[in-house]
1. If we scan region 71-84, do we find a residue that is of a type in the set (D, E, K, R) and open to solvent by less than 50 Å² (accessible area, probe 1.4 Å)?
2. Within the set of pairs 6+ apart or on separate chains, which have a first residue in region 72-87 that is aliphatic (A, V, I, L, M), a second that is part of a helix (DSSP H, G or I) and surrounded by 11 or more Cβ atoms within 10 Å (Cβ to Cβ), and C-beta atoms under 9 Å apart?
3. Out of G42, G38, report the one residue that is in contact with a Gly (Cβ under 8 Å, 6 or more places away or on another chain), under 19 Å from V92 (Cα atoms) and open to solvent by less than 70 Å² (accessible area, probe 1.4 Å).
4. So which residues in region 45-54 are within 18 Å of G73 (Cα to Cα) and surrounded by fewer than 16 Cβ atoms within 10 Å (Cβ to Cβ)?
5. What do you reckon, is A57 assigned to a helix (DSSP H, G or I), touching a strand residue (DSSP E or B) at 6+ places or on another chain (Cβ under 7 Å) and at pLDDT 90 or above?
Amino acid sequence: ENLCAYLVQQGMLYEQPESGSVVVLGGRFMPRQALHIGAFSGDTHRCMEFAFQKGTAQGAGRLNCIFPSVGVGLRQELERENFQIAPFEMIVMEARL
């Protein structure tokens, strides 16, 4: 509940009730360079269409979405929306607490 309130307050949570779609979209540090899709649900095409429109309106050069490598279905959905695997490696590190 607190996270949702924060995302709404920051203007990062968008909903389209008629399609049942929700997308979390923002660029915390450099919103003019890239926007990040934090999460989305519902109609993938409508979510991505909105994200592209929002990014274009803000002058962002890129739209990013990070997801687990086991997300094959999600990868296919994003590829249908003209996403490509980024041409750089990313290293994810963690420390167990």
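1. Initially, region 71-84 is screened for residues of a type in the set (D, E, K, R), giving 75, 77, 79-81.
Applying the additional criterion that residues be open to solvent by less than 50 Å² (accessible area, probe 1.4 Å) yields 81.
Checked region 71-84: at least one residue is of a type in the set (D, E, K, R) and open to solvent by less than 50 Å² (accessible area, probe 1.4 Å).
2. Within 9 Å, the pairs are L74/T44; L78/T44; L78/M48; I85/R75; I85/E79.
3. Values: G42 fails: under 19 Å from V92 (Cα atoms).
The unique qualifying residue is G38.
4. Residues of region 45-54 that are within 18 Å of G73 (Cα to Cα), as a first pass: 45-48.
Passing the criteria: only H45.
5. Details: assigned to a helix (DSSP H, G or I): yes; touching a strand residue (DSSP E or B) at 6+ places or on another chain (Cβ under 7 Å): no; at pLDDT 90 or above: yes.
The answer is no for A57.
The values are calculated or read from the model by the stated rules, or taken from the named source; none is laboratory data. These figures come from a predicted structure and were not determined experimentally. A quick note on method: Cβ atoms are made from the backbone with ideal geometry, for glycine too, and the neighbour counts reach across all protein chains shown. Surface areas here come from the heavy atoms of the whole protein model, side chains and all, with no ligands, DNA or RNA. Shrake-Rupley method; radii C 1.70, N 1.55, O 1.52, S 1.80 Å.
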